[in-house]
1. Using the Karplus curve 6.51 cos²θ - 1.76 cosθ + 1.60 with θ = phi - 60°, what ³J(HN,Hα) values do you get for each residue of the range 220-229, in whole Hz, with x for Gly and Pro?
2. Round to the nearest 0.05 the FRET efficiency obtained for K147 and D86 when R0 = 30 Å and r is the Cβ-Cβ distance.
3. For the range 117-258, what is the relative contact order in percent, using Cα pairs closer than 8 Å and at least 6 residues apart in sequence?
4. Of the listed peptides 123-132, 98-107, what is their order by residue-averaged count of other C-beta atoms within 10 Å, with the highest listed first?
5. What dipole magnitude, in Debye to the nearest 20, does the range 187-255 give about its Cα centre under +1 on Lys/Arg Cβ and -1 on Asp/Glu Cβ?
6. T125's amide H: which non-local residues (gap 5+, or another chain) put their own amide H closer than 5 Å, with H modeled 1.01 Å from N in plane and none for Pro or chain starts?
7. Just order 51-61, 203-213 by mean Cβ neighbour count inside 10 Å, highest at the front, would you?
8. Using the structure shown, select from K100/K149; K149/K253; K115/K176 the pairs with a Cα to Cα distance greater than 32 angstrom.
Amino acid sequence: MKKILSAVLAVAMLCTCVLMFTACGGNNSSAASDASSKTEAKELHMATNAAFEPYEYKEGGEVVGIDADIANAICEKLGCKLVIDDMDFDAIITAVTSGKDDFGMAGMTITDERKQSVDFTDPYTNAVQVIIVNEKDSPVASADDLKGKSIGVQMGTTGDIYVTDIEGAKVERFNKGADAVLALTQGKVDAVVIDNQPAKAFVAQNPGTKILDDPFENEEYAICLKKGSELTEQFNKALKELKDDGTIDTIIKKYISE
Ligand code: GLN
């Protein structure tokens, strides 16, 4: 009986040790505690909004892009399988805080307000908010001109937050950036404020629109996780390794040529 007990104990200790090192090595390591039932299946669920090229968008029914590739590389390091959960951008934080998803990655800017609900990893890239206007006869030629204008944004984004502070601005909120740009081409809004890389993709898809040279606000993108999640440390470690060995740069260059 004693022998069996000590054998069981030894196995239990060994398992604990193995689990300390990876999030998805099995159930209930320190890191897997947020996602215990999911990590049994060796999955990490990512909440995103796949309408934000080149960070996340659909290609043949599959979510691809910079964030999907980086998330895959992180999951690979942690020994997990990535499962991507597509939703509206403004649903992502709730999906993470409720535990529905293990992390959120969606070209998401670190903000003080979001930090009150979630933890962020270290940033993995920079971005800037830009203004899209119609090429012809636009009443907006610079950020100063946004005062009193009707401006399209993607709901719940930092673009939405900045524009909401502009004096007299009439903010039109859309679920997708693409819908905001469509409203611009239809003359329903005077400008759209959105992140620079998706802006380039939208302008390429909508002849007659352009991005103003006047950049608006510099930002940093990071991955958000449930407050206090021990996964954050593992994500940071993986991110650092992926930065140091050039993987992040290679992934970004695959999607952004400049
Ligand atoms: N970077 C912006 C934000 O975090 C927009 C992100 C997005 O629309 N996917 O609010």
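Read-outs: derived from the displayed coordinates by stated rules, not from any lab. Worth saying up front: this structure is predicted, and the values here are computed from it rather than measured. Backbone-built Cβ (ideal geometry, glycine too); neighbour counts: all protein chains shown.
1. Result, rounded to whole Hz: 10, 9, 8, 8, 9, 9, 4, 4, x, 4.
2. That gives a FRET efficiency of 0.25.
3. 39 percent.
4. Final packing ranking: 98-107, 123-132.
5. 320
6. Correct list: Y221.
7. Listed from highest to lowest mean packing, they are 51-61, 203-213.
8. K100/K149; K149/K253
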